[in-house]
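What follows is a set of notes on a single structure, which appears directly below.
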Amino acid sequence: MSYHESLRRSFFVAIASAVALLIVSCDSEDMSDLLDIEEDPLYSLASFPVGVAVSSPDLLGDNIYFRSLSAHHFNSITCGNDMKMDALHPSEGSYSWGNADFLIDFAQQHNKRIHGHVLVWHSQVPLWMEDYQGTSDQWEALLKDHIKTIVTHYQAEVFSWDVVNEAFEEDGSLRHTIWRDNIGDDYIAKCFQWAREAGPGIKLFYNDYGLSFNGPKFWAVQAMIDDFQSRNPPIPIDGIGFQMHISDDNPPLANIQAVVDTIEARGLLVHFSELDVSLNRNGYYSELTEAMKQRQKERYYDVFTVYRSLPDELQAGITIWGVGDSDSWIRSFFGRIDWPLLFDDNYDPKPAFWGVVEALQDSG
Ligand code: XIL
């Protein structure tokens, strides 16, 4: 082979390898983007939005199952952590939008509604707020700026906000938080007013856990709604978020139905905002058995069925708090093994998933 011939050959080999590399890399980019999922999307079976909580580490990382299942099955997204006070407002006078914007891009690329969580809470508060020293007026200015800046920033993208989260204790008393203690008992009403001023068309929710037990905490929320609706002018509130971190055996279904009926009677939207079904509340179990899977399936079926009893116009949706069992906050937060979600540790659908499908397909 002449020198020129060999040069020409190496040139073609180089071109061919570059093209092959390009094809492989395009291919693997496509593959790493989203997997094909066999099952019908859950939301396509429902007359209301079916959502999921996502967070930037899950979506930014290489968890293709998390990303694919989120994109495929759900048409509403809640940020699990990235819109909390510490995430968006880490230091005085400066906001940090990057991670939440990333999740919003993902949601928009896949045509999903975005539910904002959360403007005011006593947990995941940045240190500078915890340490803040000021008069009641200064505290009010701080919180008002926080709410108005965030609601305005996401005005076009966020459909609804949890304005205040977990303001009541189990016995129905107002929780002592930096907000209540520095601004006064009426801080909740003020937060809703500021949110409405900044985002006139945005749906505003009060969100809490343990409300479906229909006990003193729920009665306090009812009293708050009655108070808001009876003021002149009324305090704006559009809906109640029931977190629904429930167990396979608790609370009784009749209690869940009763609280949903009560909110329906007040004409407010209902969001089951953070649904998961714990199978190991007391930490007794180390393995998931077939019987537990079946109990959980029935529980998901029942919860979705109760939800379907609401008139369409009050159904803000059901949001599941995570995708696969291994992502669930319950394992890390409570430090126990549990299997609360619709997909298992390998991201295969569990009987619970089919319980939801059956509830949505049931014509009764
Ligand atoms: C949880 C997140 O899922 C965890 O990642 C975080 O460590 C703690 O908060 N009620 C709420 C949610 O309103 O914001 C909480 O989310 C779960 C309980």
- List the pairs whose first member sits in the range 154-180 and is without any contact (Cβ under 8 Å) to a residue 40 or more places away in the chain, whose second member is more than 16 Å from the ligand (Cβ to nearest atom) and among the aliphatic types (A, V, I, L, M), and whose Cβ atoms are under 6 Å apart, counting only residues at least 6 apart or on separate chains? Arg180/Leu174
- Message: If Phe333 satisfies all but one of (1) over 21 Å from Gly116 (Cα atoms); (2) in contact with a helix residue (DSSP H, G or I) (Cβ under 6 Å, 6 or more places away or on another chain); (3) not small (Gly, Ala, Ser), what's the number of the condition it fails?
- Response: (2)
- Task: With the checklist (1) within 16 Å of the ligand (Cβ to nearest atom); (2) closer than 17 Å to Tyr347 by Cα; (3) surrounded by fewer than 19 Cβ atoms within 10 Å (Cβ to Cβ) in hand, flag the one item Val52 doesn't pass.
- Result: (3)
- Which one of the conditions (1) over 18 Å from Tyr206 (Cα atoms); (2) over 17 Å from the mean Cα position of the chain (by Cα); (3) basic (Lys, Arg) does Arg113 fail to meet, given that it meets all the rest? (2)
- Task: Mind listing whichever residues of the range 334-364 are more than 20 Å from Leu35 (Cβ to Cβ) and not in a helix (DSSP H, G or I)?
- Result: Gly335, Arg336, Ile337, Asp338, Trp339, Pro340, Asp362, Ser363, Gly364
- Note on the structure: Phe74 meets each of (1) more than 15 Å from the ligand (Cβ to nearest atom); (2) under 30 Å from Ala189 (Cα atoms); (3) aromatic (Phe, Trp, Tyr) with one exception, condition (2)
- Task: Return yes or no: is Gln257 polar (S, T, N, Q), within 16 Å of the ligand (Cβ to nearest atom), touching a helix residue (DSSP H, G or I) at 6+ places or on another chain (Cβ under 9 Å) and at pLDDT 95 or above?
- Result: no
- Message: Just to be sure I understand, how many residues within the range 167-188 are surrounded by fewer than 18 Cβ atoms within 10 Å (Cβ to Cβ) and either among the β-branched types (Val, Ile, Thr) or under 24 Å from Asp131 (Cα atoms) (or both)?
- Response: 10
- Query: Can you tell me how many residues in the range 260-280 are hydroxyl-bearing (Ser, Thr, Tyr) and within 16 Å of the ligand (Cβ to nearest atom)?
  - Reply: 2
- Going through the range 146-183 in order, the residues found to be of a type outside the set (S, T, N, Q), in a loop (DSSP other than H, G, I, E, B), over 20 Å from Gln229 (Cα atoms) and away from the ligand (no atom under 16 Å from the Cβ) are Tyr154, Ala156, Glu157, Asp171, His176
- Message: For the range 205-239: of the residues being within 23 Å of the chain's Cα centre (by Cα) and assigned to a loop (DSSP other than H, G, I, E, B), which is nearest to the ligand (Cβ to nearest atom)?
- Response: Tyr209
- Message: Where the second residue is among the acidic types (Asp, Glu) and more than 16 Å from the ligand (Cβ to nearest atom) and the first is under 24 Å from Gln315 (Cβ atoms) and lies in the range 91-118, which pairs have Cβ atoms under 9 Å and are six or more apart or on separate chains?
- Response: Ile104/Glu157; Ala107/Glu157; Gln108/Glu157; Ile114/Glu157; Gly116/Glu157
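The values are calculated or read from the model by the stated rules, or taken from the named source; none is laboratory data. Keep in mind it's a predicted model, so treat the numbers as computed, not measured. With ideal geometry, Cβ positions are generated from the backbone for all residues, glycine too; neighbour counts draw on all protein chains shown.
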